[in-house]
Every structure is written in C-alpha cells, then in structure tokens.
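> Quick one: the structure is below, questions incoming.
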Amino acid sequence: MNDLEKLKNHFEGFKNLEFINSESVQSRIDAFERFCQKGVPSLKQEHWKYSPLSKDLIHFQNLKFSLNQNKSFNDTHFEKFDHYRVLLKDGVLISDDIKEEGLEITKYKQDQFYEIEKNQILDFNNAFFTPGFEIRVDSNVNIKKPIVIYNYFSKDFDGNNINNKNYIYLDKNSKAEIYEKNIFEDEKDLFFTKNLDIELEQDANLVKYYLNSTNNNKTIYNFIRSKLKQNSEFEKFNFSHNVSSCRDEIIADLNGTNAFVSLNNIQHLSQKCFHEIKWEINHNEENTRSSQFVKSALHDDSVAAFQGKIFVDSKAQKTDGYQLSRALLLSDRSKFLSKPELEIYADDVKCSHGSSSGSIDQESIFYLRSRGINEPQAKCMMIEGFLAEVINKVKNEDVRNIFYNKLNEINNT
Amino acid sequence: MIDIKNLKVSVEDKDIIKGLNLKINKGEVHAIMGPNGSGKSTLSYALSGKEGYEAEGEINYNGENILELNTEERAQKGIFLAFQYPIEIPGVFTNNFLRTSLNAVRKAKGEKELNAVEFLNLVKEKSQKLKIDKEMLSRPLNVGFSGGEKKRNEILQMSLLEPNFIIMDETDSGLDIDALKIVSNGVNAMRSPERSFLIITHYQRLLNYIKPDFVHVFSDGKIVESGDWKLALELENDGYAKFVS
Ligand SMILES: Nc1ncnc2c1ncn2[C@@H]1O[C@H](COP(=O)(O)OP(=O)(O)OP(=O)(O)O)[C@@H](O)[C@H]1O
Ligand SMILES: [Mg+2]
C-alpha cells in the first residue's frame with residue numbers, strides 16, 4: 001500500500017464504479033487525498049506505534065476491489081435465538097430492510113465524513129468504503145430482540161480489500177442490544193476496515209457485543225466513534241480470539257452529564273497473533289463515568305497491546321474514570337504492551353488505572369493438580385477462569401453462552 | 001500403606017527434611033506435632049509431589065516408590081492433602097472444580113464419570129453432612145470464604161474423592177468449636193481399615209476427637225520422638241523444649 005502511484009490508479013478505477021453515489025464522490029476524493037498526504041501508518045507515528053497495521057499494510061501492494069454478486073448465505077451460521085438479522089457478505093449488505101415498531105435497519109446512507117488528523121486509515125476507509133448498515137431506533141422504544149450482525153467473508157470473494165461504513169442512532173430513551181460476529185470461510189489475505197459511528201440521544205442505552213474469532217491472514221481495523229448525550233449509556237464487550245492481526249479503536253465522547261461508557265475486551269491469542277486495543281474516552285461534561293476492562297491470555301509468540309486514554313475536560317468535574325488491564329503471559333515469548341494515558345484538566349475527579357501482566361499462578365496449578373486434575377487441564381481451567389471474569393458481566397444470557405462456548409471450544413483444542 | 005525411608009527434601013537449595021523414616025499401616029491414624037518451621041508442611045508437599053521440592057530417599061505407597069510420580073498421578077492413586085492454606089482461585093467455580101476433580105480421579109481409577117445430576121446429588125449429600133451452604137459452592141473456589149469455610153471445603157473434597165492416604169495439614173486451625181466437631185465427625189466417618197491418615201496439628205484438642213494410633217514429634221526435619229496419643233498430652237503440658245536441641 002505504500003506505492004502511492006499504484007494506489008492512485010486503483011482509486012481512479014474505484015471511484016467510477018457504479019455503486020458509488022454521486023453525493024459521496026467528492027468526499028471520497030478529498031479523503032483519498034488526505035490519505036496520500038499522510039501516507040501509510042508507520043511505527044514512527046505515535047498514533048500507530050503499537051499497531052500491527054504499521055507492519056502489515058506493506059504486504060498489500062496490489063489492492064483488489066471486488067463486489068461479490070452471489071448473495072447466498074449459509075444458514076448454519078445463524079444464531080439459534082430469536083433476533084433481527086443484518087447480513088453483510090464480503091462487505092455488501094444482503095439482508096432486507098427492517099422497518100417495525102420503531103426500529104429501522106437499512107443500507108448506510110450518510111455522505112458527510114469527518115477527519116481525524118492522526119488517523120489516515122479512517123481517510124482510507126472514507127475513500128474506499130462500501131455502504132454497510134444503518135440502524136435507527138425511535139424515541140422511547142425498547143427493542144426486545146437483539147440485532148445480530150453477520151460479517152460474512154466468503155471463499156468466492158476474489159478481492160483482498162473490504163471497507164465498510166456503518167451507523168447506529170438511538171433516539172431519546174430508547175434501548176437496543178446488538179451482537180456482531182465475523183465469519184471467515186478461508187485463509188486468503190484480506191485487509192478489512194470498518195467504521196461505525198454511534199450516536200446516543202438523552203437516556204438512550206446501547207449494549208454491543210462483538211465476537212472476532214479465529215482468522216488467518218486477515219488484517220482488520222475496527223474504528224468506532226461514539227457520542228453520548230445526557231444519561232445515555234453505551235456498553236461494549238469484545239471477545240477477540242486468535243485474530244491474526246487487528247486493531248480495535250474506539251473513541252467515546254461523553255457529551256452530556258451522567259453519560260456512561262463501559263468498554264470490555266477479552267483476548268485469547270496464540271501463535272503469531274497480534275491484537276491492539278486503542279481506546280480514548282473523552283469526559284466532556286460533569287458527572288460522566290467510564291470504565292475500561294481488558295483481559296489478555298497470550299500463548300506462543302502472540303502480542304497484545306492496550307492503550308487506554310482518559311481525557312477529562314476542565315468543566316467535567318466529578319468525573320469517574322476507571323481502567324484495568326490484566327494479562328496472562330503463557331509463554332516466555334508472548335508480549336503484552338500497555339500504555340495507560342491520563343489527561344486531566346478538572347480538579348474534582350476520580351480516575352484510577354491499573355495494569356499487570358504475569359505468568360500463571362503456580363500455587364493454584366499445584367492445588368488443582370493435587371486434586372487429580374492434570375497439568376494441561378489445570379492450565380485451561382485457570383485461563384478460562386481468568387477470562388470468565390469479564391464474560392460473567394455479560395447480561396444477555398444467549399451471548400454469554402456463546403462466549404462461554406467459545407472459551408470451551410478453545411480449551412478443548 | 002505408606003513407608004517413608006530416609007526422606008530428604010530441599011527447597012531452593014535449603015535442606016528442610018533431613019532423613020525421615022515413617023511407616024503408616026492400613027487403617028492407622030498418625031499425628032505429627034512440631035514447632036513452627038520444623039518442616040511439617042514441607043513434608044506434606046513432598047508427599048504430594050510439589051514441583052520445586054527436591055526429594056531423595058523412598059516414599060513407598062502400596063509397595064510402589066512414588067517419588068517420580070507427579071502431583072496429579074499421586075492424587076489419582078488416592079493420596080490427598082488437605083492444605084494448611086487452601087488457595088483462592090478467582091474465576092474457577094467451586095462446583096465446576098469439584099466435578100472436574102472428581103471425574104479426573106474416577107476416570108483414573110477406571111470408574112464411570114458422573115454426569116451433572118449425579119454429581120449434584122452426591123455433592124448435596126456430602127456438603128449437608130459438613131454443614132456447607134450450597135450457595136458457597138456456586139462461588140469461585142475459596143474466594144471470600146472464611147478461614148473455617150476453606151477448611152470445611154477441604155474436607156468436602158476429601159469426602160468426595162474418597163482417597164486412601166490422607167494428609168491433613170493443620171485442618172483444625174481456624175475452626176470454631178462447632179466446626180471442629182463437624183470436621184472431626186467427617187473424618188471419623190471416613191476412617192476405615194483400608195484408609196490411613198497423617199494429621200499435622202499444633203493442638204491436642206483435635207486429637208481428642210480424632211484419636212490417633214501414634215503421635216510423632218517433628219523437629220528440624222526429622223521425627224525425634226514417637227508414642228501413643230498420651231504423647232500429645234505431654235506436649236500440651238510441657239511444650240517441645242525437651243525434644244528440641
Ligand atoms: N520455598 C521456600 N524457600 C525457602 N525456604 C522455605 C520454603 N518453603 C519453606 N521454607 C522454610 O522451610 C522451613 C519449614 O517450613 P514449613 O512450612 O514446612 O514449616 P511447618 O513445620 O509447616 O511450620 P508451621 O507450623 O508454621 O506451619 C521454614 O524455615 C521455612 O521458612
Ligand atoms: Mg505448616
């Protein structure tokens with residue numbers, strides 16, 4: 001991707017494609033120019049210092065865009081519980097629109113894009129995106145069934161780059177639960193970027209779960225920008241399991257008093273997997289609360305990075321910001337990189353952060369073994385117990401079971 | 001049952017057990033008493049095969065020298081240690097742990113593993129006898145348990161696993177008077193001609209409830225005196241001075 005001439009030719013071809021609506025063309029051109037000026041992320045740039053993307057994108061010298069015309073979807077991937085379905089196949093929304101009882105799910109319709117100076121991959125996404133989904137919930141509506149988003153990457157896709165933009169809007173005092181999962185059918189190289197913008201009006205409540213599970217040769221960039229008004233709440237639980245290369249970035253702006261954001265991530269990585277978490281929470285108003293909780297279990301040569309930032313504006317008195325990260329290093333080659341950041345301009349705030357990494361507790365292992373449990377199983381129990389602490393907080397029983405089953409599946413292989 | 005010959009144990013290059021000889025026949029209960037730091041817990045760990053405990057000599061268990069066996073193999077063969085300080089393991093739920101442990105041991109013995117219902121019935125019966133609240137079993141292992149609850153949980157595990165050779169390391173410390181009776185009853189109920197006990201304690205009181213066949217005084221990594229249960233009384237009155245050089 002660092003050969004800009006090649007990329008420019010690629011963009012020329014791309015922007016004339018039929019599906020691109022005329023309103024968005026100029027913004028795409030602008031975004032692409034910004035990307036070219038900033039260049040591919042490099043380890044030298046602070047914002048991308050711990051990022052797998054800084055190493056990986058070099059491999060994508062020939063980007064190939066493609067639209068898969070085949071709209072079939074394998075039923076076995078459907079969750080068994082009652083839910084609303086949103087299907088994205090190779091980046092294209094293939095499910096029908098949903099309009100009922102204050103819920104509307106359609107194709108992504110926005111055509112105004114913002115810039116974040118340090119984030120050229122967002123520019124890239126803005127230039128090359130395929131519209132994903134748009135979810136809108138009317139005021140005072142509590143969506144009873146969870147919405148499940150299937151990101152399905154099929155084996156008959158013949159490109160190597162997919163970029164999606166999605167949008168979620170919850171009007172006043174509405175409530176929704178969303179579960180999203182990735183399904184990869186093969187091990188082809190793929191660079192996938194996904195941008196999700198979330199807006200929560202006063203008293204709105206959104207819970208989002210994301211299972212990013214086992215993949216090979218996939219370089220993934222997830223970027224979520226969420227804006228929370230007064231009394232609104234956003235809770236997020238990620239389970240990242242053996243993702244070959246991924247950056248999960250979230251910016252949460254607490255723009256109204258009593259807004260609350262809770263970000264939780266467990267990651268279980270082996271071999272050469274590299275997962276980076278970059279969270280930035282902006283307390284812009286009084287009495288806002290935030291919580292960040294990360295647990296990492298790292299085998300083999302895997303690497304995990306966590307950068308969590310808490311920013312507190314001078315007028316955001318009585319802020320409560322909490323951050324905790326624990327990592328279990330299960331091999332002497334695995335690495336955990338952590339960089340907590342506090343930037344506080346108000347004086348009456350409560351902010352705490354803690355980070356620890358270490359190997360599995362040998363006394364506990366001895367205890368389990370002394371009860372006849374063999375060593376590998378004792379280790380599994382410890383890892384499971386370690387990660388389960390986050391899963392236990394998942395309130396939706398179906399999702400909690402999915403996460404637990406995933407954990408068991410991991411431990412039984 | 002167990003025949004320990006000239007056992008020497010060192011930890012981090014420090015010699016702690018210094019030539020121990022002890023023979024416990026089937027059905028016997030032996031008590032070990034001795035000053036703090038004399039190596040009693042070290043002995044219990046060495047018998048359980050804890051890593052980092054360099055042992056030489058012989059530990060013959062039912063005619064087999066088990067020195068080379070690892071911890072879980074010894075447990076599966078019926079050796080059980082009730083810990084002096086049972087460890088807290090957040091995230092591992094007690095019920096889950098108990099069932100995994102029980103089935104691991106049953107499997108090794110060639111017995112049928114218990115399904116969830118069979119297990120719950122069994123654990124219910126056993127825990128009622130020890131007056132263990134079932135709510136406790138749905139919590140993470142030992143986390144937030146009181147000192148006495150932890151000890152009772154050890155005895156629950158013992159009664160579930162039905163081991164043949166049981167080492168109890170200061171199970172009585174931390175127990176209130178009623179709990180001491182409950183635990184002692186639990187232990188006495190398990191006494192059988194096929195099962196042996198090694199009870200480490202500082203207090204003669206426990207031995208009123210669980211009558212030992214032999215009492216040994218342990219000092220500086222060795223047994224320095226052996227006798228019957230009256231020796232415990234003598235120690236209670238006179239202390240260890242007479243036996244410690
Ligand atoms: N890992 C270790 N490294 C170094 N020394 C150790 C280690 N573990 C035990 N020791 C030492 O070995 C000696 C015996 O300890 P042990 O715990 O076996 O004593 P004990 O007889 O059980 O004492 P208590 O009655 O207080 O429980 C002590 O001096 C102790 O400090
Ligand atoms: Mg001791």
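The values are calculated or read from the model by the stated rules, or taken from the named source; none is laboratory data. As the structure is a computational prediction, the values presented were derived from the model and not from experiment. Positions of Cβ are generated from backbone atoms using ideal geometry, with glycine treated the same way; all protein chains shown enter the neighbour counts. To get the accessible areas, we keep the full protein, side chains included, count just its heavy atoms, and leave off ligands, DNA and RNA. Shrake-Rupley method; radii C 1.70, N 1.55, O 1.52, S 1.80 Å.
Results for (1) polar (S, T, N, Q); (2) without any contact (Cβ under 8 Å) to a residue 40 or more places away in the chain; (3) over 17 Å from A:Asn242 (Cβ atoms); (4) open to solvent by 20 Å² or more (accessible area, probe 1.4 Å), shown as yes or no for each residue.
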residue: A:Ile266; (1), (2), (3), (4): no, no, no, no
residue: A:His275; (1), (2), (3), (4): no, no, no, no
residue: A:Ile281; (1), (2), (3), (4): no, no, yes, no
residue: A:Asp301; (1), (2), (3), (4): no, yes, no, yes
residue: A:Phe306; (1), (2), (3), (4): no, no, yes, no
residue: A:Phe311; (1), (2), (3), (4): no, yes, yes, yes
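> Could we say that A:Glu177 is over 15 Å from A:Ile224 (Cα atoms) and either surrounded by fewer than 16 Cβ atoms within 10 Å (Cβ to Cβ) or basic (Lys, Arg) (or both) here? Write out each step before concluding.
Numbers: over 15 Å from A:Ile224 (Cα atoms): yes; either surrounded by fewer than 16 Cβ atoms within 10 Å (Cβ to Cβ) or basic (Lys, Arg) (or both): no.
For A:Glu177, the condition - over 15 Å from A:Ile224 (Cα atoms) and either surrounded by fewer than 16 Cβ atoms within 10 Å (Cβ to Cβ) or basic (Lys, Arg) (or both) - is not met.
> How about the range B:23-52: which of its residues are under 18 Å from the mean Cα position of the chain (by Cα) and more than 15 Å from ligand 2 (Cβ to nearest atom)?
Once the filter is applied, which keeps residues that are under 18 Å from the mean Cα position of the chain (by Cα) and more than 15 Å from ligand 2 (Cβ to nearest atom), the range B:23-52 yields B:Lys23, B:Ile24, B:Asn25, B:Lys26, B:Gly27, B:Glu28, B:Val29, B:His30, B:Gly49, B:Glu51.
> Among the numbered criteria (1) at pLDDT 95 or above; (2) within 9 Å of chain A (Cβ to nearest Cβ), which single criterion is violated by B:Pro90?
Going through the list (1) at pLDDT 95 or above; (2) within 9 Å of chain A (Cβ to nearest Cβ), B:Pro90 breaks only (1).
> Still on this model: Return the pair list, or none, for Cβ contacts closer than 7 Å from residues in the range B:22-51 that are part of a loop (DSSP other than H, G, I, E, B) to residues that are open to solvent by 30 Å² or more (accessible area, probe 1.4 Å) and within 12 Å of ligand 2 (Cβ to nearest atom), at least 6 apart or on different chains.
B:Gly39/B:Ile16
> Going by what's in this entry, would A:Asn195 be described as under 16 Å from the mean Cα position of the chain (by Cα) and not in a strand (DSSP E or B)?
Numbers: under 16 Å from the mean Cα position of the chain (by Cα): yes; not in a strand (DSSP E or B): no.
The answer is no for A:Asn195.
> What number of residues in the range A:335-356 are open to solvent by 70 Å² or more (accessible area, probe 1.4 Å) and closer than 25 Å to A:His268 by Cα?
From the range A:335-356, those open to solvent by 70 Å² or more (accessible area, probe 1.4 Å) are A:335, A:342, A:345, A:347, A:350, A:353; that's our starting set.
Still in the list and also closer than 25 Å to A:His268 by Cα: A:335, A:353.
Summing the residues that are open to solvent by 70 Å² or more (accessible area, probe 1.4 Å) and closer than 25 Å to A:His268 by Cα in the range A:335-356 gives 2.
> Let me ask something additional. Under 15 Å from A:Val349 (Cβ atoms) and out of contact with any Phe, Trp or Tyr (no Cβ under 6 Å at 6 or more places or on another chain): which single residue out of A:Ser270, A:Ser314, A:Ser290, A:Ser331 fits that description? Talk me through it step by step, then tell me what you get.
Numbers: A:Ser270 fails: under 15 Å from A:Val349 (Cβ atoms); A:Ser314 fails: out of contact with any Phe, Trp or Tyr (no Cβ under 6 Å at 6 or more places or on another chain); A:Ser331 fails: under 15 Å from A:Val349 (Cβ atoms).
Of A:Ser270, A:Ser314, A:Ser290, A:Ser331, the one residue that is under 15 Å from A:Val349 (Cβ atoms) and out of contact with any Phe, Trp or Tyr (no Cβ under 6 Å at 6 or more places or on another chain) is A:Ser290.
> It is to be established whether one or more residues within the range A:256-269 are at pLDDT 95 or above, over 22 Å from A:Ser356 (Cβ atoms) and in a strand (DSSP E or B).
Yes - at least one qualifying residue is present in the range A:256-269.
> If the requirement is being surrounded by 24 or more Cβ atoms within 10 Å (Cβ to Cβ), aliphatic (A, V, I, L, M) and within 23 Å of A:Gly308 (Cα to Cα), which of these qualifies: A:Leu200, A:Leu211?
Going through A:Leu200, A:Leu211 in turn, just one is surrounded by 24 or more Cβ atoms within 10 Å (Cβ to Cβ), aliphatic (A, V, I, L, M) and within 23 Å of A:Gly308 (Cα to Cα): A:Leu200.
> Given (1) part of a loop (DSSP other than H, G, I, E, B); (2) crowded, with 21+ Cβ neighbours inside 10 Å, where does A:Gln230 come up short, assuming only one miss?
Single failed check for A:Gln230: (2).
> Residues in the range B:53-67: is at least one over 15 Å from the mean Cα position of the chain (by Cα) and either in a helix (DSSP H, G or I) or within 16 Å of ligand 2 (Cβ to nearest atom) (or both)?
For the range B:53-67, residues over 15 Å from the mean Cα position of the chain (by Cα) and either in a helix (DSSP H, G or I) or within 16 Å of ligand 2 (Cβ to nearest atom) (or both): present.
> Consider the range A:333-392. How many of its residues are under 30 Å from B:Asn164 (Cβ atoms), touching a strand residue (DSSP E or B) at 6+ places or on another chain (Cβ under 7 Å) and basic (Lys, Arg)?
Number satisfying all stated conditions: 0.
> Does any residue of the range A:166-181 turn out to be out of contact with any strand residue (DSSP E or B) (no Cβ under 8 Å at 6 or more places or on another chain) and among the acidic types (Asp, Glu)? Explain how you work it out, then say what you get.
Step one: list which residues in the range A:166-181 are out of contact with any strand residue (DSSP E or B) (no Cβ under 8 Å at 6 or more places or on another chain), which gives A:172-173.
From the residues that got through so far, the ones that are among the acidic types (Asp, Glu) too are none.
No, the range A:166-181 contains no residue that is out of contact with any strand residue (DSSP E or B) (no Cβ under 8 Å at 6 or more places or on another chain) and among the acidic types (Asp, Glu).
> Within the range B:168-182, identify whether any single residue is closer than 26 Å to B:Leu114 by Cβ and either at pLDDT below 95 or away from ligand 2 (no atom under 16 Å from the Cβ) (or both), and answer yes or no. Write out each step before concluding.
Applying the first criterion (closer than 26 Å to B:Leu114 by Cβ) to the range B:168-182 yields B:168, B:171, B:182.
So of that shortlist, the ones also either at pLDDT below 95 or away from ligand 2 (no atom under 16 Å from the Cβ) (or both) come out as B:171, B:182.
Checked the range B:168-182: at least one residue is closer than 26 Å to B:Leu114 by Cβ and either at pLDDT below 95 or away from ligand 2 (no atom under 16 Å from the Cβ) (or both).
> Based on what the data block shows, is A:Asn142 assigned by TED's automatic domain parsing to the domain that holds A:Asn74 and more than 25 Å from A:Phe113 (Cα to Cα)? Steps first, answer last, please.
Details: assigned by TED's automatic domain parsing to the domain that holds A:Asn74: yes; more than 25 Å from A:Phe113 (Cα to Cα): yes.
For A:Asn142, the condition - assigned by TED's automatic domain parsing to the domain that holds A:Asn74 and more than 25 Å from A:Phe113 (Cα to Cα) - is met.
> Which condition from (1) modelled with pLDDT of 95 or more; (2) within 15 Å of ligand 1 (Cβ to nearest atom) is the one that B:Gly49 breaks?
(2)
> If you scan the range A:10-45, which residues turn out to be within 20 Å of A:Asn160 (Cβ to Cβ), modelled with pLDDT under 90 and open to solvent by less than 20 Å² (accessible area, probe 1.4 Å)?
A:Ile20
> Taking the range B:207-218 as the search range and keeping residues that are open to solvent by less than 20 Å² (accessible area, probe 1.4 Å) and of a type outside the set (Val, Ile, Thr), which one is nearest to ligand 1 (Cβ to nearest atom)? If you could, list the steps in order and put the result at the bottom.
First, pick out the residues of the range B:207-218 that are open to solvent by less than 20 Å² (accessible area, probe 1.4 Å): B:207, B:210, B:212, B:215-218.
Next, only the ones that are of a type outside the set (Val, Ile, Thr) stay: B:207, B:212, B:216, B:218.
On the way: B:Leu207: 16, B:Pro212: 18, B:His216: 13, B:Phe218: 7 Å.
The qualifying residue nearest to ligand 1 (Cβ to nearest atom) is B:Phe218.
> Could you list, in sequence order, all residues of the range B:224-245 that are in contact (Cβ under 8 Å) with a residue 12 or more places away in the chain and open to solvent by less than 40 Å² (accessible area, probe 1.4 Å)?
B:Gly227, B:Leu231, B:Ala232, B:Leu235, B:Phe243
> Looking only at residues in the range B:189-206 that are among the hydroxyl-bearing types (Ser, Thr, Tyr) and within 13 Å of ligand 1 (Cβ to nearest atom), which one is farthest from the other protein chains (Cβ to nearest Cβ)? Spell out how you get there, then give the answer.
Going residue by residue through the range B:189-206, those that are among the hydroxyl-bearing types (Ser, Thr, Tyr) are B:192, B:196, B:201, B:203.
Filter once more, so that each one left must be within 13 Å of ligand 1 (Cβ to nearest atom): B:201, B:203.
On the way: B:Thr201: 20, B:Tyr203: 24 Å.
Step by step, filter the range B:189-206, then rank; the result is B:Tyr203.
> Can you spot a residue in the range B:1-22 that is within 16 Å of ligand 1 (Cβ to nearest atom), within 22 Å of B:Thr171 (Cβ to Cβ), within 17 Å of the chain's Cα centre (by Cα) and away from every other protein chain (no Cβ under 14 Å)?
Just the residues of the range B:1-22 that are within 16 Å of ligand 1 (Cβ to nearest atom), to begin with: B:4, B:7-20, B:22.
After this cut, where a residue has to be within 22 Å of B:Thr171 (Cβ to Cβ) as well, the list is B:4, B:9, B:16-17, B:20, B:22.
If we keep only those that are within 17 Å of the chain's Cα centre (by Cα) as well, we get B:4, B:22.
This time we only want the ones that are away from every other protein chain (no Cβ under 14 Å), so: B:4, B:22.
Yes: the range B:1-22 contains one or more residues that are within 16 Å of ligand 1 (Cβ to nearest atom), within 22 Å of B:Thr171 (Cβ to Cβ), within 17 Å of the chain's Cα centre (by Cα) and away from every other protein chain (no Cβ under 14 Å).
> Let me ask you something else. Please find, within the range B:125-165, the residue that is nearest to B:Tyr209 (Cα to Cα) out of those that are within 13 Å of chain A (Cβ to nearest Cβ) and within 16 Å of ligand 2 (Cβ to nearest atom).
Among those that are within 13 Å of chain A (Cβ to nearest Cβ) and within 16 Å of ligand 2 (Cβ to nearest atom), it is B:Glu154.
> Give the number of residues within the range B:55-64 that are under 24 Å from B:Lys107 (Cβ atoms) and surrounded by fewer than 20 Cβ atoms within 10 Å (Cβ to Cβ).
Number satisfying all stated conditions: 3.
> Say whether the condition of being farther than 30 Å from A:Glu187 by Cβ and out of contact with any strand residue (DSSP E or B) (no Cβ under 9 Å at 6 or more places or on another chain) is met by at least one residue in the range A:68-89. Before the answer, list the steps.
First, pick out the residues of the range A:68-89 that are farther than 30 Å from A:Glu187 by Cβ: A:82, A:84.
Next, only the ones that are out of contact with any strand residue (DSSP E or B) (no Cβ under 9 Å at 6 or more places or on another chain) stay: A:82.
Yes, the range A:68-89 contains at least one residue that is farther than 30 Å from A:Glu187 by Cβ and out of contact with any strand residue (DSSP E or B) (no Cβ under 9 Å at 6 or more places or on another chain).
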